[in-house]
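The values are calculated or read from the model by the stated rules, or taken from the named source; none is laboratory data. Note that this is a predicted model, so its numbers are computed, not measured. Cβ coordinates were reconstructed from backbone atoms using ideal geometry, including for glycine residues, and neighbour counts include every protein chain displayed.
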There are 2 protein chains.
Amino acid sequence: MAAPHPARSPADDTPEAAKLWAMIRGIDVAMMTTLDGDQLRSRPMWCLQDRFDGRLYFFTRRSAHKVEEVERDSHVGLSFARPDKQDYVSVSGRGRVLIDPQLIREMWREPMRTWFPKGLDDPDLALLAVEVEAAEYWDSPSSAMVHLYGYAKAALTGQPPHPGENRKLDFDRA
Amino acid sequence: MAAPHPARSPADDTPEAAKLWAMIRGIDVAMMTTLDGDQLRSRPMWCLQDRFDGRLYFFTRRSAHKVEEVERDSHVGLSFARPDKQDYVSVSGRGRVLIDPQLIREMWREPMRTWFPKGLDDPDLALLAVEVEAAEYWDSPSSAMVHLYGYAKAALTGQPPHPGENRKLDFDRA
């Protein structure tokens, strides 16, 4: 959990959700997979937000090819990998483009200037928000996978996920 | 390029292909994304082969859920990420399960025993082969993306990719 901000969502209160968020914060760069026609393509995207409310936000250009892909098919996969620590996270969700100046200002971090030299003045600047529908993580080569379901629902409704939706499963990893 | 084995494929002869393969060999663990119904899901998979012939091989159980997914829809995305070096690779391809004892023996590496304790005696052991159709890589945050197309075709036909298929593109990364 990022220290300076309180968690917004009750979903953050489960140990699995806290662990998931800590792993994402420790990696920062997601490979975002979208459907380019039938083909699955991914590209690195920086996730710089301080807290998790059921969505993950990424800066993009409105004119980027991946925006077209997400507008055609909003299913998005995010994978966070840190091989030196054997930390791996899979997130499944739905992406949409947000042109929301207030949120863009809130989410902006100066390191993004590497990709967006004009910063907040860039009229092509937008956010790609991924509504998290499911997540899984692995934190060592021999660990069980941990499934997290009901994430976005919990964040949006203010209800914690149903206990049956927060499961640990073995042996679906190799 | 892995040292002890000669490259099999003329596609390996381009500097971009050699760079791609060196990056994959430096990361080893792919997040493999498949379609679980409409949802994009990924999981870590170890790529331990010494050379590249247009396919990437991963050990799996025949009974694994991802095998069902690939049999329903063979489109597979592989992302290799190494955040400490800012190395990122996206591979798009088609997956299929191979029950080929000779190839299984050839590809087997002892570290796989972590996931397959019975090793080569495990009747559930199989290979998931991904025929590479396209690949892209990024090797620093400010680098252009490098597209590699025509990879599998070149590997299979013995013809190098058409020059027009081996392109470098800028500004589709943020």
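What the table shows:
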| item | result |
| --- | --- |
| Where a residue in the stretch A:51-72 is more than 21 Å from residue A:105 (Cβ to Cβ) and its partner, wherever it lies, is part of a loop (DSSP other than H, G, I, E, B) and modelled with pLDDT under 90, with Cβ under 6 Å and at least six apart | A:65/B:172 |
| Identity of the residue in the stretch A:53-62, more than 11 Å from chain B (Cβ to nearest Cβ), within 18 Å of the chain's Cα centre (by Cα) and not aliphatic (A, V, I, L, M), that ends up nearest to residue A:43 (Cα to Cα) | A:57 |
| Residue ranges of strands (runs of 3 or more DSSP E) in the stretch B:63-168 with at least 1 members modelled with pLDDT of 90 or more, at the interface with chain A (Cβ under 10 Å from one of its Cβ atoms) and in contact with a helix residue (DSSP H, G or I) (Cβ under 8 Å, 6 or more places away or on another chain) | B:75-82, B:87-98, B:125-138 |
| Subset of the stretch A:11-31 [at pLDDT 90 or above and at the interface with another protein chain (Cβ under 9 Å from one of its Cβ atoms)] | A:27, A:29, A:30, A:31 |
| Lone unmet requirement of (1) touching a helix residue (DSSP H, G or I) at 6+ places or on another chain (Cβ under 8 Å); (2) modelled with pLDDT of 95 or more; (3) farther than 30 Å from residue A:115 by Cα for residue B:47 | (2) |
| Any hit, the stretch A:36-44, residues being within 19 Å of residue A:131 (Cβ to Cβ) and either more than 8 Å from chain B (Cβ to nearest Cβ) or exposed (fewer than 15 other Cβ atoms within 10 Å of the Cβ) (or both) | no |
